[in-house]
Ligand code: NDP
Ligand code: 2IT
(Lines give C-alpha, C1' and ligand atoms only; values in the text may rest on other atoms or scores of the structure.)
(Ligands and ions follow the chains in the order given, each with its own letter.)
Protein backbone atom coordinates (compact mmCIF):
# COMPACT_ATOMS: atom_id res chain seq x y z
CA UNK A 1 0.00 0.00 0.00
CA UNK A 2 1.14 3.54 -0.73
CA UNK A 3 1.53 5.91 2.17
CA UNK A 4 -1.32 8.45 2.48
CA UNK A 5 -0.85 11.90 3.96
CA UNK A 6 -2.24 12.44 7.45
CA UNK A 7 -5.58 13.91 6.38
CA UNK A 8 -6.30 11.22 3.78
CA UNK A 9 -5.22 8.48 6.20
CA UNK A 10 -7.71 9.83 8.75
CA UNK A 11 -10.48 9.81 6.12
CA UNK A 12 -9.61 6.23 5.20
CA UNK A 13 -9.59 5.19 8.88
CA UNK A 14 -13.10 6.60 9.26
CA UNK A 15 -14.31 4.75 6.14
CA UNK A 16 -12.96 1.46 7.53
CA UNK A 17 -14.49 2.10 10.95
CA UNK A 18 -17.94 3.02 9.61
CA UNK A 19 -18.05 0.21 7.04
CA UNK A 20 -16.58 -2.59 9.10
CA UNK A 21 -15.74 -5.79 7.24
CA UNK A 22 -16.53 -4.39 3.78
CA UNK A 23 -13.12 -5.24 2.35
CA UNK A 24 -13.85 -4.62 -1.34
CA UNK A 25 -15.24 -1.18 -0.49
CA UNK A 26 -12.14 -0.36 1.57
CA UNK A 27 -9.95 -1.49 -1.34
CA UNK A 28 -11.75 0.73 -3.87
CA UNK A 29 -11.68 3.78 -1.58
CA UNK A 30 -8.02 3.26 -0.71
CA UNK A 31 -7.03 3.20 -4.37
CA UNK A 32 -8.78 6.48 -5.09
CA UNK A 33 -7.38 8.15 -1.94
CA UNK A 34 -3.87 7.05 -2.95
CA UNK A 35 -4.33 9.06 -6.16
CA UNK A 36 -5.74 12.10 -4.37
CA UNK A 37 -2.54 12.99 -2.52
CA UNK A 38 -1.35 14.87 -5.59
CA UNK A 39 -4.68 16.70 -5.96
CA UNK A 40 -4.76 17.78 -2.34
CA UNK A 41 -1.17 19.05 -2.61
CA UNK A 42 -2.02 21.12 -5.70
CA UNK A 43 -5.60 22.08 -4.80
CA UNK A 44 -5.98 22.27 -0.98
CA UNK A 45 -9.48 23.73 -1.53
CA UNK A 46 -10.67 20.19 -2.25
CA UNK A 47 -10.18 19.29 1.42
CA UNK A 48 -12.73 21.97 2.45
CA UNK A 49 -16.35 21.26 3.42
CA UNK A 50 -15.62 17.55 3.98
CA UNK A 51 -15.85 17.06 0.20
CA UNK A 52 -13.75 13.88 0.17
CA UNK A 53 -15.55 12.47 3.24
CA UNK A 54 -18.92 13.13 1.56
CA UNK A 55 -17.80 11.44 -1.66
CA UNK A 56 -16.98 8.28 0.34
CA UNK A 57 -20.44 8.18 1.94
CA UNK A 58 -23.30 6.86 -0.24
CA UNK A 59 -26.27 9.22 -0.47
CA UNK A 60 -28.71 6.37 0.20
CA UNK A 61 -28.54 2.60 0.80
CA UNK A 62 -31.59 0.39 0.33
CA UNK A 63 -31.62 -3.22 1.56
CA UNK A 64 -34.74 -5.36 1.22
CA UNK A 65 -36.21 -8.84 1.41
CA UNK A 66 -36.96 -10.64 -1.85
CA UNK A 67 -39.34 -13.57 -1.31
CA UNK A 68 -40.22 -15.83 -4.25
CA UNK A 69 -41.57 -19.30 -4.95
CA UNK A 70 -39.39 -21.87 -6.74
CA UNK A 71 -40.62 -24.52 -9.20
CA UNK A 72 -41.17 -27.05 -6.40
CA UNK A 73 -43.44 -24.67 -4.55
CA UNK A 74 -40.85 -23.82 -1.85
CA UNK A 75 -40.58 -20.26 -0.62
CA UNK A 76 -37.09 -18.81 -1.11
CA UNK A 77 -35.66 -15.67 0.46
CA UNK A 78 -32.93 -13.49 -0.99
CA UNK A 79 -31.62 -10.08 -0.10
CA UNK A 80 -31.87 -7.13 -2.51
CA UNK A 81 -29.64 -4.04 -2.54
CA UNK A 82 -29.49 -0.67 -4.23
CA UNK A 83 -26.78 1.77 -3.21
CA UNK A 84 -27.52 5.24 -4.60
CA UNK A 85 -24.02 6.57 -4.29
CA UNK A 86 -23.80 10.00 -5.80
CA UNK A 87 -26.18 12.15 -7.86
CA UNK A 88 -24.05 15.29 -8.28
CA UNK A 89 -23.78 14.80 -12.05
CA UNK A 90 -27.15 13.23 -12.86
CA UNK A 91 -29.59 10.51 -11.82
CA UNK A 92 -28.02 7.47 -10.14
CA UNK A 93 -26.87 5.11 -12.89
CA UNK A 94 -25.35 1.65 -12.67
CA UNK A 95 -26.00 -2.03 -13.10
CA UNK A 96 -27.69 -4.78 -11.10
CA UNK A 97 -25.74 -7.92 -10.21
CA UNK A 98 -27.24 -11.32 -9.36
CA UNK A 99 -24.55 -13.53 -7.81
CA UNK A 100 -24.38 -15.52 -4.55
CA UNK A 101 -21.33 -13.50 -3.43
CA UNK A 102 -23.27 -10.20 -3.45
CA UNK A 103 -23.33 -8.29 -0.15
CA UNK A 104 -23.55 -4.63 0.83
CA UNK A 105 -19.75 -4.15 0.70
CA UNK A 106 -19.56 -5.41 -2.88
CA UNK A 107 -22.45 -3.25 -4.03
CA UNK A 108 -20.91 -0.26 -2.25
CA UNK A 109 -17.52 -0.76 -3.93
CA UNK A 110 -19.25 -1.05 -7.28
CA UNK A 111 -21.33 2.10 -6.65
CA UNK A 112 -18.23 4.03 -5.60
CA UNK A 113 -16.32 2.99 -8.74
CA UNK A 114 -19.37 3.73 -10.87
CA UNK A 115 -19.50 7.33 -9.63
CA UNK A 116 -16.02 8.12 -10.99
CA UNK A 117 -16.49 5.99 -14.11
CA UNK A 118 -19.69 7.78 -15.01
CA UNK A 119 -17.99 11.14 -14.43
CA UNK A 120 -15.22 10.12 -16.85
CA UNK A 121 -17.73 9.49 -19.64
CA UNK A 122 -18.63 13.19 -19.60
CA UNK A 123 -22.33 12.24 -19.69
CA UNK A 124 -24.94 13.54 -17.19
CA UNK A 125 -25.10 10.46 -14.97
CA UNK A 126 -24.53 9.93 -11.25
CA UNK A 127 -23.37 6.65 -9.70
CA UNK A 128 -25.26 3.72 -8.20
CA UNK A 129 -25.28 -0.06 -8.13
CA UNK A 130 -27.65 -2.81 -7.03
CA UNK A 131 -28.13 -6.51 -6.92
CA UNK A 132 -28.97 -9.58 -4.97
CA UNK A 133 -27.33 -12.69 -3.52
CA UNK A 134 -29.73 -14.68 -5.73
CA UNK A 135 -27.90 -17.41 -7.69
CA UNK A 136 -29.39 -17.68 -11.20
CA UNK A 137 -27.30 -20.78 -12.03
CA UNK A 138 -29.57 -23.73 -12.82
CA UNK A 139 -32.79 -21.78 -12.31
CA UNK A 140 -35.63 -22.20 -14.81
CA UNK A 141 -36.91 -19.34 -16.90
CA UNK A 142 -40.04 -19.18 -14.73
CA UNK A 143 -37.98 -18.94 -11.54
CA UNK A 144 -35.83 -16.14 -13.03
CA UNK A 145 -38.98 -14.24 -14.01
CA UNK A 146 -40.64 -14.61 -10.60
CA UNK A 147 -37.45 -13.55 -8.86
CA UNK A 148 -37.07 -10.46 -11.08
CA UNK A 149 -40.71 -9.53 -10.49
CA UNK A 150 -40.38 -9.82 -6.72
CA UNK A 151 -37.10 -7.86 -6.74
CA UNK A 152 -38.77 -5.08 -8.73
CA UNK A 153 -41.93 -5.06 -6.59
CA UNK A 154 -39.79 -3.52 -3.85
CA UNK A 155 -37.22 -1.59 -5.89
CA UNK A 156 -39.57 0.19 -8.32
CA UNK A 157 -40.47 2.91 -5.81
CA UNK A 158 -36.83 4.04 -5.67
CA UNK A 159 -36.35 4.26 -9.46
CA UNK A 160 -37.31 6.68 -12.22
CA UNK A 161 -35.77 8.16 -15.35
CA UNK A 162 -34.83 11.30 -13.36
CA UNK A 163 -34.01 9.39 -10.16
CA UNK A 164 -32.20 6.10 -10.64
CA UNK A 165 -31.65 4.10 -13.85
CA UNK A 166 -30.40 0.50 -13.50
CA UNK A 167 -28.90 -1.77 -16.16
CA UNK A 168 -27.27 -5.24 -16.23
CA UNK A 169 -24.11 -6.64 -14.66
CA UNK A 170 -23.02 -10.17 -13.67
CA UNK A 171 -26.01 -12.52 -13.92
CA UNK A 172 -28.27 -9.83 -15.38
CA UNK A 173 -28.61 -9.58 -19.17
CA UNK A 174 -31.35 -8.80 -21.67
CA UNK A 175 -33.76 -11.45 -20.33
CA UNK A 176 -33.64 -10.17 -16.75
CA UNK A 177 -33.84 -6.50 -17.78
CA UNK A 178 -36.98 -7.39 -19.77
CA UNK A 179 -38.66 -9.00 -16.74
CA UNK A 180 -37.68 -6.14 -14.42
CA UNK A 181 -38.75 -3.43 -16.86
CA UNK A 182 -42.01 -5.32 -17.48
CA UNK A 183 -42.81 -5.39 -13.76
CA UNK A 184 -41.87 -1.71 -13.38
CA UNK A 185 -44.21 -0.81 -16.23
CA UNK A 186 -47.01 -2.85 -14.71
CA UNK A 187 -46.62 -1.39 -11.22
CA UNK A 188 -46.40 2.24 -12.36
CA UNK A 189 -48.70 2.04 -15.40
CA UNK A 190 -46.10 4.06 -17.28
CA UNK A 191 -44.05 3.12 -20.33
CA UNK A 192 -41.05 4.97 -18.95
CA UNK A 193 -38.37 3.65 -21.29
CA UNK A 194 -35.59 5.77 -19.78
CA UNK A 195 -35.82 4.05 -16.38
CA UNK A 196 -33.76 1.04 -17.52
CA UNK A 197 -30.95 0.56 -20.02
CA UNK A 198 -29.79 -2.57 -21.76
CA UNK A 199 -33.40 -3.08 -22.91
CA UNK A 200 -34.39 -5.20 -25.91
CA UNK A 201 -34.53 -3.35 -29.25
CA UNK A 202 -38.32 -3.84 -29.52
CA UNK A 203 -39.06 -1.85 -26.37
CA UNK A 204 -36.59 1.03 -26.33
CA UNK A 205 -33.13 -0.55 -26.23
CA UNK A 206 -30.13 0.91 -28.01
CA UNK A 207 -28.22 -0.80 -30.77
CA UNK A 208 -24.62 -1.59 -29.72
CA UNK A 209 -25.42 -1.57 -25.96
CA UNK A 210 -24.87 -5.34 -25.76
CA UNK A 211 -21.47 -4.97 -27.42
CA UNK A 212 -20.50 -1.66 -25.80
CA UNK A 213 -18.46 -2.66 -22.74
CA UNK A 214 -16.25 -5.16 -24.55
CA UNK A 215 -15.91 -3.02 -27.68
CA UNK A 216 -15.16 0.03 -25.53
CA UNK A 217 -12.42 -1.71 -23.56
CA UNK A 218 -10.82 -2.83 -26.81
CA UNK A 219 -10.93 0.73 -28.21
CA UNK A 220 -9.31 1.96 -24.99
CA UNK A 221 -6.49 -0.60 -25.16
CA UNK A 222 -6.00 0.17 -28.85
CA UNK A 223 -5.48 3.86 -27.97
CA UNK A 224 -3.10 2.91 -25.17
CA UNK A 225 -1.06 0.60 -27.43
CA UNK A 226 -0.87 3.37 -30.03
CA UNK A 227 0.99 5.61 -27.54
CA UNK A 228 3.87 3.15 -27.91
CA UNK A 229 3.45 2.71 -31.65
CA UNK A 230 1.79 -0.69 -31.21
CA UNK A 231 -1.54 -2.29 -32.16
CA UNK A 232 -3.55 -5.49 -31.69
CA UNK A 233 -2.43 -6.82 -35.06
CA UNK A 234 -0.92 -10.30 -34.67
CA UNK A 235 -0.92 -10.17 -30.85
CA UNK A 236 -1.85 -13.06 -28.58
CA UNK A 237 -4.61 -12.08 -26.17
CA UNK A 238 -6.26 -13.70 -23.16
CA UNK A 239 -9.76 -12.67 -22.09
CA UNK A 240 -11.11 -14.04 -18.81
CA UNK A 241 -14.80 -14.81 -18.40
CA UNK A 242 -17.18 -15.74 -21.21
CA UNK A 243 -20.12 -13.51 -20.40
CA UNK A 244 -21.31 -10.28 -21.95
CA UNK A 245 -18.13 -8.27 -21.52
CA UNK A 246 -15.76 -11.10 -22.47
CA UNK A 247 -17.63 -12.14 -25.62
CA UNK A 248 -17.70 -8.67 -27.18
CA UNK A 249 -14.12 -7.96 -26.14
CA UNK A 250 -13.11 -11.07 -28.09
CA UNK A 251 -15.23 -9.98 -31.06
CA UNK A 252 -13.51 -6.58 -31.32
CA UNK A 253 -9.99 -7.93 -30.69
CA UNK A 254 -10.53 -10.34 -33.57
CA UNK A 255 -11.67 -7.46 -35.80
CA UNK A 256 -8.49 -5.55 -34.83
CA UNK A 257 -6.32 -8.50 -35.90
CA UNK A 258 -5.50 -10.03 -32.51
CA UNK A 259 -5.75 -13.74 -31.65
CA UNK A 260 -7.58 -14.82 -28.51
CA UNK A 261 -6.03 -17.99 -27.15
CA UNK A 262 -7.99 -18.47 -23.92
CA UNK A 263 -11.22 -17.59 -22.10
CA UNK A 264 -12.95 -18.98 -19.00
CA UNK A 265 -15.90 -19.28 -16.66
CA UNK A 266 -15.94 -19.80 -12.91
CA UNK A 267 -15.24 -23.55 -13.31
CA UNK A 268 -12.12 -23.36 -15.49
CA UNK A 269 -10.55 -22.12 -18.71
CA UNK A 270 -10.14 -23.26 -22.29
CA UNK A 271 -7.06 -22.81 -24.47
CA UNK A 272 -7.17 -22.89 -28.26
CA UNK A 273 -3.84 -21.74 -29.73
CA UNK A 274 -5.38 -21.46 -33.22
CA UNK A 275 -7.73 -18.79 -31.88
CA UNK A 276 -10.95 -19.20 -29.93
CA UNK A 277 -13.99 -20.02 -32.11
CA UNK A 278 -16.21 -17.18 -30.96
CA UNK A 279 -19.36 -18.46 -32.68
CA UNK A 280 -19.08 -21.62 -30.63
CA UNK A 281 -18.55 -19.66 -27.38
CA UNK A 282 -21.65 -17.58 -28.18
CA UNK A 283 -23.67 -20.71 -28.89
CA UNK A 284 -22.55 -22.31 -25.60
CA UNK A 285 -22.99 -19.21 -23.44
CA UNK A 286 -25.69 -17.05 -25.02
CA UNK A 287 -27.99 -19.76 -26.40
CA UNK A 288 -27.47 -22.90 -24.33
CA UNK A 289 -26.33 -21.17 -21.11
CA UNK A 290 -23.89 -24.06 -20.60
CA UNK A 291 -20.35 -24.40 -19.16
CA UNK A 292 -17.21 -23.37 -21.08
CA UNK A 293 -15.86 -26.94 -20.73
CA UNK A 294 -18.34 -27.80 -23.52
CA UNK A 295 -15.98 -26.02 -25.91
CA UNK A 296 -13.28 -28.63 -25.45
CA UNK A 297 -15.80 -31.47 -25.51
CA UNK A 298 -17.11 -30.29 -28.89
CA UNK A 299 -13.81 -29.17 -30.48
CA UNK A 300 -11.53 -31.93 -29.21
CA UNK A 301 -7.90 -32.11 -30.30
CA UNK A 302 -5.87 -28.94 -30.39
CA UNK A 303 -7.83 -27.47 -27.49
CA UNK A 304 -7.48 -27.87 -23.72
CA UNK A 305 -9.80 -27.42 -20.79
CA UNK A 306 -8.20 -26.75 -17.41
CA UNK A 307 -10.49 -27.14 -14.46
CA UNK A 308 -9.83 -24.44 -11.85
CA UNK A 309 -6.24 -23.20 -12.16
CA UNK A 310 -5.42 -19.67 -13.31
CA UNK A 311 -6.10 -18.48 -16.85
CA UNK A 312 -3.27 -15.95 -16.30
CA UNK A 313 -0.75 -18.78 -16.63
CA UNK A 314 -1.49 -18.72 -20.38
CA UNK A 315 1.20 -16.61 -22.12
CA UNK A 316 -0.12 -13.50 -23.87
CA UNK A 317 0.81 -9.94 -24.85
CA UNK A 318 -2.57 -8.41 -24.02
CA UNK A 319 -4.68 -9.44 -21.01
CA UNK A 320 -8.31 -8.36 -20.73
CA UNK A 321 -9.77 -9.52 -17.36
CA UNK A 322 -13.54 -9.57 -17.91
CA UNK A 323 -14.99 -11.79 -15.17
CA UNK A 324 -14.99 -10.36 -11.65
CA UNK A 325 -13.21 -8.42 -8.86
CA UNK A 326 -9.77 -9.51 -7.61
CA UNK A 327 -9.38 -12.21 -10.26
CA UNK A 328 -5.71 -11.25 -10.92
CA UNK A 329 -3.54 -11.85 -7.85
CA UNK A 330 0.02 -10.59 -7.36
CA UNK A 331 1.23 -14.03 -8.39
CA UNK A 332 -0.86 -13.95 -11.55
CA UNK A 333 0.48 -10.49 -12.43
CA UNK A 334 4.08 -11.65 -12.00
CA UNK A 335 3.35 -14.63 -14.26
CA UNK A 336 1.84 -12.35 -16.92
CA UNK A 337 4.85 -10.02 -16.77
CA UNK A 338 7.26 -12.95 -16.97
CA UNK A 339 5.44 -14.19 -20.07
CA UNK A 340 5.74 -10.80 -21.81
CA UNK A 341 2.41 -9.02 -21.29
CA UNK A 342 2.55 -5.46 -22.69
CA UNK A 343 -0.98 -4.23 -21.95
CA UNK A 344 -3.81 -4.96 -19.52
CA UNK A 345 -7.36 -3.61 -20.04
CA UNK A 346 -9.78 -4.12 -17.18
CA UNK A 347 -13.19 -5.09 -18.58
CA UNK A 348 -14.38 -6.19 -15.15
CA UNK A 349 -14.66 -3.87 -12.16
CA UNK A 350 -11.49 -3.98 -10.01
CA UNK A 351 -10.26 -7.35 -11.36
CA UNK A 352 -6.64 -6.68 -10.31
CA UNK A 353 -5.70 -6.84 -6.63
CA UNK A 354 -3.67 -3.86 -5.33
CA UNK A 355 -0.57 -6.05 -5.44
CA UNK A 356 -1.22 -6.97 -9.08
CA UNK A 357 -1.63 -3.30 -10.00
CA UNK A 358 1.71 -2.55 -8.33
CA UNK A 359 3.42 -5.36 -10.26
CA UNK A 360 2.07 -4.06 -13.59
CA UNK A 361 3.07 -0.47 -12.83
CA UNK A 362 6.58 -1.42 -11.71
CA UNK A 363 7.06 -3.52 -14.85
CA UNK A 364 5.97 -0.59 -17.07
CA UNK A 365 2.98 -2.51 -18.47
CA UNK A 366 0.32 -0.32 -20.08
CA UNK A 367 -2.48 -0.64 -17.53
CA UNK A 368 -6.07 0.55 -18.11
CA UNK A 369 -8.11 0.61 -14.87
CA UNK A 370 -11.72 -0.60 -15.08
CA UNK A 371 -13.31 2.72 -14.25
CA UNK A 372 -11.86 4.10 -17.47
CA UNK A 373 -11.54 1.04 -19.70
CA UNK A 374 -14.98 -0.48 -19.14
CA UNK A 375 -16.89 2.83 -19.19
CA UNK A 376 -18.15 2.15 -22.73
CA UNK A 377 -21.07 0.12 -21.35
CA UNK A 378 -22.47 2.84 -19.16
CA UNK A 379 -21.65 5.51 -21.74
CA UNK A 380 -23.80 3.65 -24.27
CA UNK A 381 -26.46 3.34 -21.57
CA UNK A 382 -26.45 7.14 -21.45
CA UNK A 383 -26.85 7.13 -25.23
CA UNK A 384 -29.83 4.78 -24.77
CA UNK A 385 -31.35 7.28 -22.28
CA UNK A 386 -30.76 10.02 -24.84
CA UNK A 387 -32.55 8.03 -27.56
CA UNK A 388 -35.43 7.29 -25.17
CA UNK A 389 -35.77 10.96 -24.19
CA UNK A 390 -36.02 12.01 -27.84
CA UNK A 391 -38.08 8.93 -28.86
CA UNK A 392 -35.40 8.20 -31.42
CA UNK A 393 -33.47 5.10 -32.44
CA UNK A 394 -30.01 5.31 -33.93
CA UNK A 395 -28.26 2.90 -36.29
CA UNK A 396 -25.59 0.52 -35.04
CA UNK A 397 -22.89 2.46 -36.90
CA UNK A 398 -24.00 5.81 -35.50
CA UNK A 399 -24.00 4.43 -31.95
CA UNK A 400 -20.68 2.65 -32.28
CA UNK A 401 -19.08 5.78 -33.73
CA UNK A 402 -20.25 7.73 -30.66
CA UNK A 403 -18.88 4.98 -28.40
CA UNK A 404 -15.49 5.03 -30.13
CA UNK A 405 -15.30 8.83 -29.78
CA UNK A 406 -16.21 8.64 -26.09
CA UNK A 407 -13.57 5.97 -25.41
CA UNK A 408 -10.91 7.99 -27.22
CA UNK A 409 -11.98 11.00 -25.10
CA UNK A 410 -11.71 9.04 -21.83
CA UNK A 411 -8.28 7.74 -22.86
CA UNK A 412 -7.03 11.22 -23.69
CA UNK A 413 -8.50 12.73 -20.50
CA UNK A 414 -6.78 10.10 -18.33
CA UNK A 415 -3.47 10.53 -20.17
CA UNK A 416 -3.59 14.35 -20.00
CA UNK A 417 -4.55 14.34 -16.31
CA UNK A 418 -1.74 11.93 -15.42
CA UNK A 419 0.66 14.22 -17.26
CA UNK A 420 -0.70 17.33 -15.54
CA UNK A 421 -0.21 15.73 -12.12
CA UNK A 422 3.35 14.63 -12.84
CA UNK A 423 2.82 10.94 -13.60
CA UNK A 424 2.79 10.49 -17.39
CA UNK A 425 1.42 7.14 -18.55
CA UNK A 426 -0.24 6.40 -15.18
CA UNK A 427 -3.84 5.74 -16.22
CA UNK A 428 -4.88 4.79 -12.67
CA UNK A 429 -3.89 8.20 -11.36
CA UNK A 430 -5.34 9.95 -14.41
CA UNK A 431 -8.71 8.19 -14.13
CA UNK A 432 -9.06 8.67 -10.39
CA UNK A 433 -8.14 12.34 -10.46
CA UNK A 434 -10.16 13.29 -13.55
CA UNK A 435 -13.25 11.47 -12.21
CA UNK A 436 -12.86 12.93 -8.74
CA UNK A 437 -12.43 16.52 -9.91
CA UNK A 438 -15.65 16.42 -11.96
CA UNK A 439 -17.74 14.98 -9.13
CA UNK A 440 -16.16 17.20 -6.46
CA UNK A 441 -16.58 20.42 -8.48
CA UNK A 442 -20.24 19.64 -9.08
CA UNK A 443 -20.86 18.76 -5.43
CA UNK A 444 -19.30 22.03 -4.35
CA UNK A 445 -21.52 23.99 -6.74
CA UNK A 446 -24.61 22.29 -5.30
CA UNK A 447 -23.80 23.24 -1.69
CA UNK A 448 -23.73 21.03 1.38
CA UNK A 449 -26.46 18.54 0.48
P1 NDP B 1 -21.83 -12.00 -17.12
O2 NDP B 1 -22.70 -12.54 -16.07
O3 NDP B 1 -22.35 -11.87 -18.51
O4 NDP B 1 -20.47 -12.84 -17.20
C5 NDP B 1 -19.65 -12.98 -16.11
C6 NDP B 1 -18.53 -13.94 -16.46
O7 NDP B 1 -17.56 -13.93 -15.41
C8 NDP B 1 -18.98 -15.39 -16.58
O9 NDP B 1 -18.16 -16.06 -17.49
C10 NDP B 1 -18.81 -15.89 -15.16
O11 NDP B 1 -18.64 -17.30 -15.05
C12 NDP B 1 -17.53 -15.19 -14.75
N13 NDP B 1 -17.54 -14.97 -13.29
C14 NDP B 1 -18.46 -14.28 -12.58
N15 NDP B 1 -18.19 -14.31 -11.28
C16 NDP B 1 -17.07 -15.04 -11.16
C17 NDP B 1 -16.30 -15.45 -10.06
N18 NDP B 1 -16.63 -15.10 -8.79
N19 NDP B 1 -15.19 -16.20 -10.31
C20 NDP B 1 -14.86 -16.54 -11.59
N21 NDP B 1 -15.57 -16.19 -12.66
C22 NDP B 1 -16.66 -15.46 -12.46
O23 NDP B 1 -21.34 -10.57 -16.58
P24 NDP B 1 -20.69 -9.35 -17.38
O25 NDP B 1 -19.90 -9.86 -18.53
O26 NDP B 1 -21.75 -8.35 -17.61
O27 NDP B 1 -19.70 -8.74 -16.27
C28 NDP B 1 -18.33 -9.12 -16.15
C29 NDP B 1 -17.57 -8.04 -15.41
O30 NDP B 1 -17.65 -6.80 -16.15
C31 NDP B 1 -18.10 -7.68 -14.01
O32 NDP B 1 -17.01 -7.31 -13.18
C33 NDP B 1 -18.97 -6.46 -14.26
O34 NDP B 1 -19.12 -5.67 -13.10
C35 NDP B 1 -18.15 -5.75 -15.32
N36 NDP B 1 -18.85 -4.78 -16.16
C37 NDP B 1 -19.98 -5.11 -16.84
C38 NDP B 1 -20.60 -4.18 -17.67
C39 NDP B 1 -21.78 -4.53 -18.50
O40 NDP B 1 -22.22 -3.65 -19.25
N41 NDP B 1 -22.32 -5.73 -18.43
C42 NDP B 1 -20.08 -2.81 -17.77
C43 NDP B 1 -18.84 -2.57 -17.08
C44 NDP B 1 -18.28 -3.54 -16.28
P45 NDP B 1 -19.89 -18.22 -14.54
O46 NDP B 1 -20.87 -18.19 -15.65
O47 NDP B 1 -19.26 -19.54 -14.30
O48 NDP B 1 -20.39 -17.58 -13.28
O1 2IT C 1 -20.28 -1.66 -14.26
C2 2IT C 1 -20.93 -1.08 -15.14
O3 2IT C 1 -20.55 -0.02 -15.64
C4 2IT C 1 -22.17 -1.71 -15.61
N5 2IT C 1 -22.52 -2.79 -15.16
C6 2IT C 1 -23.05 -1.00 -16.61
C7 2IT C 1 -23.85 0.08 -15.94
C8 2IT C 1 -24.88 0.74 -16.81
O9 2IT C 1 -25.69 1.48 -16.21
O10 2IT C 1 -24.91 0.57 -18.03
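In table form, for the structure just shown:
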read-out: Condition broken by residue 283, with the remaining ones in (1) crowded, with 19+ Cβ neighbours inside 10 Å; (2) under 20 Å from residue 211 (Cα atoms) satisfied; value: (1)
read-out: Residue within the range 153-174 that is at pLDDT 95 or above, farther than 24 Å from residue 242 by Cα and within 15 Å of ligand 1 (Cβ to nearest atom) present; value: yes
read-out: Strands (runs of 3 or more DSSP E) within the range 243-325 that include 3 or more residues in contact (Cβ under 8 Å) with a residue 40 or more places away in the chain; value: 259-265, 268-272, 318-320
read-out: Meets criteria (within 30 Å of residue 204 (Cα to Cα), buried (at least 24 other Cβ atoms within 10 Å of the Cβ) and within 16 Å of ligand 2 (Cβ to nearest atom)) for residue 381; value: yes
read-out: Unmet criterion (only one of (1) assigned to a loop (DSSP other than H, G, I, E, B); (2) touching a helix residue (DSSP H, G or I) at 6+ places or on another chain (Cβ under 6 Å)) for residue 52; value: (1)
read-out: Of the criteria (1) in contact (Cβ under 8 Å) with a residue 60 or more places away in the chain; (2) within 19 Å of the chain's Cα centre (by Cα), which one residue 222 fails; value: (1)
read-out: Of all residues making up the range 212-261, the number that are farther than 22 Å from residue 173 by Cα and either surrounded by fewer than 24 Cβ atoms within 10 Å (Cβ to Cβ) or within 16 Å of ligand 2 (Cβ to nearest atom) (or both); value: 22
read-out: Filter pass, residue 67 being under 26 Å from residue 30 (Cβ atoms) and away from ligand 2 (no atom under 14 Å from the Cβ); value: no
read-out: Residue within the range 140-149 that is within 13 Å of ligand 2 (Cβ to nearest atom), surrounded by fewer than 24 Cβ atoms within 10 Å (Cβ to Cβ) and in contact (Cβ under 8 Å) with a residue 40 or more places away in the chain present; value: no
read-out: Meets criteria (in contact with a strand residue (DSSP E or B) (Cβ under 7 Å, 6 or more places away or on another chain) and either part of a loop (DSSP other than H, G, I, E, B) or within 21 Å of residue 351 (Cβ to Cβ) (or both)) for residue 134; value: yes
read-out: Test: residue in the range 368-383 that is more than 14 Å from ligand 1 (Cβ to nearest atom), under 17 Å from residue 325 (Cβ atoms), touching a helix residue (DSSP H, G or I) at 6+ places or on another chain (Cβ under 8 Å) and not in a loop (DSSP other than H, G, I, E, B); value: no
read-out: Pick from the range 413-449, criterion without any contact (Cβ under 8 Å) to a residue 60 or more places away in the chain and part of a helix (DSSP H, G or I), ranking: surrounded by the fewest Cβ atoms within 10 Å (Cβ to Cβ); value: 445
read-out: Filter result for the condition that a residue is within 16 Å of ligand 1 (Cβ to nearest atom), over 18 Å from residue 80 (Cα atoms) and buried (at least 19 other Cβ atoms within 10 Å of the Cβ), over 116, 134; value: 116
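The values are calculated or read from the model by the stated rules, or taken from the named source; none is laboratory data. Note that this is a predicted model, so its numbers are computed, not measured. Reconstructed Cβ throughout: ideal geometry from the backbone, glycine too, with neighbour counts over all protein chains shown.
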